[in-house]
Amino acid sequence: MSDVTVRQFANDVGIPVERLLSQLHDVGVSLKDADEKISVDDKMRLLDHLSSKRGASETTSTAEPKKITLKRRTVTELRQTSGQGPSKTTKAVSVEVRKQRTYVKRSVITEEVQQAAEQKAADELSKLTDEQKAEIALREHNERKRVEEEALKVETERVAEEARKAEEARKAEDEARRAAEPRKPAVPVVDESEEGRKKRAGEKPGTPKAKKDGKRVKVDQEVLQEPSEREELHITAEKSSLRRKKKTRSSGTVAPRAPQHGFEMPTAPVVRAVGIPETITVADLAQKMSVKAAEVIKTMMTMGTMVTINQVLDQATAAVVVEEMGHEVKLLREDALEEVLDRGKSAEGEQVSRAPVVTIMGHVDHGKTTLLDYIRRTKVAEGEAGGITQHIGAYHVETAKGNITFLDTPGHAAFTAMRARGAKATDIVVLVVAADDGVMPQTKEAIQHARAAGVPLVVAVNKVDKPEANADRVRQELTQEQVIPEDWGGDSMFVSLSAKTGQGVDALLDAILLQSEVMELRAVKDGPAHGVVIESRLDKGRGPVATVLVQAGTLRKGDVILSGYEYGRVRAMSDALGRSIDEAGPSTPVEVLGLSGVPKAGDDVVVVVDERKAREVALFRQGKFRDVKLASQQQTKLEDVFSNLDEGKLRTLNLVVKADVHGSVEAICHALTALATDEVKVKIVTSGVGGITESDVNLAVASNAVVIGFNVRADSTAKRMIDDAGVDLHYYSIIYEVIDEVKRSLSGMLAPEFKEQIIGLAEVRQVFNSPKLGMIAGCMVVDGVIKRSSPIRVLRNNVVVFEGELESLRRFKDDVNEVRMGTECGIGVKKYDDVKEGDQIEVYERVKVARKL
């Protein structure tokens, strides 16, 4: 079809020319004059624009109401006549009638009925067994397939019928057109003369000549004009297109048109690749599969799991649901950020020698801190409460032999986890064993931690200056633990020393440096630093403070660091002596200020390029931890319900624990929760690092908990709240006292035990039968005292034959409450008449006895 002008196209469409030019301008067609020609591509762009605009207007249209209420009010007047004759009166009464009718759209009613039917079906589905559900699902699938096949068949027949009717109508139209046209000569008359032949030789073929009335006239063959161009819209399953169709008429015939229909039904279900992260909600999972959340919930109901739309699913459960609904599962790896950090740790560069990191381990009071004091020439042990180290200390020592970094770990049993963490961050373990005590239980634990970390042992036999010291016994006991000295054919270095006098300390340092040379300890100095948190605490004036051991690279002031869930910029750094420094190399312990919160001891510390990346990773870790915890709680909720049924008689001691450093908090919580039994348990409501605040007191009041402060105190606001609310607050500085005090409290919560205590014994000498009192036994009290209110047992040949209580106790004719040893009395046993001479009546009491853990 040739292009037409804007004016002609406007006339064909039936709209003004100015409006057509405006619409063309909206779609980007620059036509300004009505006589300019418009191309087919421009028409297609205009049609697509108008179609999309019409669809959006239909989608957003809200003009049509769902419900219409019509009100109608009519007033009529009734006249009532009363009386007769002259006294006849007429009274007018007005009657008002109000009518109201409400018309509801049929689609709204249909939707409500459909929702009610779906709800009823869901209720009935929840009552069925798995076999019944599977049978119903199969039946519905077959029925749905049958309906689709019938619908496709009906649609095919309808299209064929429309094509047949269109063909019949076209034929009838052609017959009518041919009947209305004038008849023309079928064969024209041709001039057969020579002149006519010559003329025909120069003419174009197909141009006939005719002769009429003896004259030669030119007769033109009928040239059928093409009908005006028509534009028809055909929508198929692939796309919408504007097709132009030409009708060609030759010899009175019109080419038939092929029948086409607009829409095609999908031949197969759409299978999508669904990416599943580690945790996902039901709503997000439904959105990824392009289905309604109700379908996902229904599928999980058939699988035997009741969920809500906002419930968090773990990755394994979500994968099963996706496969059940016929889609492909694509497990997402969300640790891409963590991989970037891991690549930063393994930065390449020139490696240099570094100082060894040495951990001092051993039993309580075997001289670990005293040995370190002598090396550093300070008195750390005096600053520790009770002379016991209660948190990890990291110290960088410069000696004549070389630099060494020492980690001093506590030796108390409650700090097992801290010692394990210290062993993992170290290169060499110095095991301190007292020569007078030998190998103790915590000495064996230290050996196990060192083996688990895969680090060599250097044994320091301490206190050799004491008269009762026996170094050979220590060697023999350690040999039983597979720690064999070098001079006995083993691989462990043994050094005898005295931390008090300094004897053998230089030999220990030489052994440490020799072991480090053998290990060839090296690290990259230039580059981003990474290390580990040795200890952390919350300082009231400086905020979160973390003791970081730099393992590789150089940590500088101003670097952005990431540790666990916390991040921040290094505002200040100080060494082991408290001096401010600007950078720290490998194997250097420093105190770092500037983190957003208190990190956990043992968390990795990594230098990140910018603060935005550090915040992104920290928030990702927090959300991941929260989602995983929530998903695991959802899975174990049903198990908790059944376990709580058995804990109805369990008594709980709620505690709020605050300490100065994170390691102490961890150790105290672990030690206290280990005190739980089948009848009582310890519940840590909350624990943290820093002083006792107002929120801690509010939590203690709400949960009826006892507040424990370990080397921390409550602020002024918290003190006033504690006094007003009467909260039980205890301060401690030694972990032994915390454990003992809580143990005594738990002992008081235990249900008391009752023990029987015999208080008297009477022998039956004679039996009397009283008409009023029944059988009376005349007895002699041979031991203790007989009380009327106490329970008794009747013994015959030292065998209990009856157990009950006294009905009467008399001395002569008087009723008495008790009879003492060596006195005769008359005893009436309640509900027992078979007392015989020679029997013994035993009187006892139940005494309450307190229990202990």
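Residue by residue, here is whether (1) charged (D, E, K, R); (2) within 30 Å of residue 664 (Cα to Cα); (3) surrounded by fewer than 20 Cβ atoms within 10 Å (Cβ to Cβ) holds:
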residue: 463; (1), (2), (3): yes, yes, no
residue: 488; (1), (2), (3): no, no, yes
residue: 510; (1), (2), (3): yes, no, yes
residue: 529; (1), (2), (3): no, yes, no
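Of all residues in segment 450-461, those satisfying the criterion of being crowded, with 17+ Cβ neighbours inside 10 Å and either over 13 Å from residue 433 (Cα atoms) or more than 51 Å from the chain's Cα centre (by Cα) (or both) are 450, 453, 455.
So the check is Cβ under 7 Å with 6+ separation or different chains; which pairs have a first residue in segment 351-369 that's more than 18 Å from residue 549 (Cβ to Cβ) and a second one that's part of a helix (DSSP H, G or I)? Final answer for the pair search is 362/368; 362/443; 362/446; 363/442; 363/443; 364/442; 369/380; 369/381. Of all residues in segment 802-822, which are over 16 Å from residue 776 (Cα atoms), touching a residue at least 24 places away in the same chain (Cβ under 8 Å) and surrounded by 11 or more Cβ atoms within 10 Å (Cβ to Cβ)? Result: 818, 820, 821.
Among residues of segment 12-25 that are farther than 17 Å from residue 51 by Cα, those with a beta-carbon under 6 Å from a residue that is open to solvent by 70 Å² or more (accessible area, probe 1.4 Å) at least six positions away or on a different chain give the pairs 17/7. Among the residues of segment 438-449, at least one is part of a loop (DSSP other than H, G, I, E, B) and without any contact (Cβ under 8 Å) to a residue 40 or more places away in the chain. Elements of the type strands (runs of 3 or more DSSP E) sitting completely within segment 674-762 and holding at least 1 residues that are open to solvent by less than 50 Å² (accessible area, probe 1.4 Å) and β-branched (Val, Ile, Thr): these cover 680-689, 706-710. Taken over segment 825-853, the residue count meeting the criterion of being part of a strand (DSSP E or B) and surrounded by fewer than 14 Cβ atoms within 10 Å (Cβ to Cβ) is 4.
When residue 656 is tested against (1) buried (at least 21 other Cβ atoms within 10 Å of the Cβ); (2) part of a helix (DSSP H, G or I); (3) touching an Asp or Glu at 6+ places or on another chain (Cβ under 7 Å); (4) of a type in the set (Val, Ile, Thr), just one condition goes unmet, and that condition is (2).
Taking (1) within 30 Å of residue 493 (Cα to Cα); (2) part of a strand (DSSP E or B); (3) open to solvent by 40 Å² or more (accessible area, probe 1.4 Å) in turn, residue 548 satisfies each apart from (3). For the criterion of being at negative phi and at pLDDT below 80, residue 679 passes. Can you find even one residue in segment 103-114 that is surrounded by 10 or more Cβ atoms within 10 Å (Cβ to Cβ), among the charged types (D, E, K, R), under 43 Å from the mean Cα position of the chain (by Cα) and assigned to a helix (DSSP H, G or I)? Looking through segment 103-114, at least one residue is surrounded by 10 or more Cβ atoms within 10 Å (Cβ to Cβ), among the charged types (D, E, K, R), under 43 Å from the mean Cα position of the chain (by Cα) and assigned to a helix (DSSP H, G or I).
The lone criterion from (1) under 30 Å from residue 612 (Cβ atoms); (2) free of Cβ contacts under 8 Å to residues at least 12 places away in the same chain left unmet by residue 579 is number (1). If you go through segment 763-778 and pick out every residue that is open to solvent by 40 Å² or more (accessible area, probe 1.4 Å) and either in contact with a strand residue (DSSP E or B) (Cβ under 9 Å, 6 or more places away or on another chain) or at pLDDT 90 or above (or both), you end up with 8. Would you point out the residue of segment 659-672, among those that are within 26 Å of the chain's Cα centre (by Cα) and open to solvent by less than 60 Å² (accessible area, probe 1.4 Å), that is nearest to residue 710 (Cα to Cα)? Residue satisfying both the conditions and the ranking: 665. All of 556, 542 fail the test of being within 17 Å of residue 609 (Cβ to Cβ), more than 29 Å from the chain's Cα centre (by Cα) and at pLDDT 85 or above, apart from 556.
The values are calculated or read from the model by the stated rules, or taken from the named source; none is laboratory data. Predicted model, so just to flag it, every value in this text is computed and none were measured. As a convention, Cβ positions derive from the backbone with ideal geometry for all residues, glycine included, and neighbour counts pool all protein chains shown. All accessible areas refer to the heavy atoms of the entire protein, side chains included, with ligands and DNA or RNA removed. Shrake-Rupley method; radii C 1.70, N 1.55, O 1.52, S 1.80 Å.
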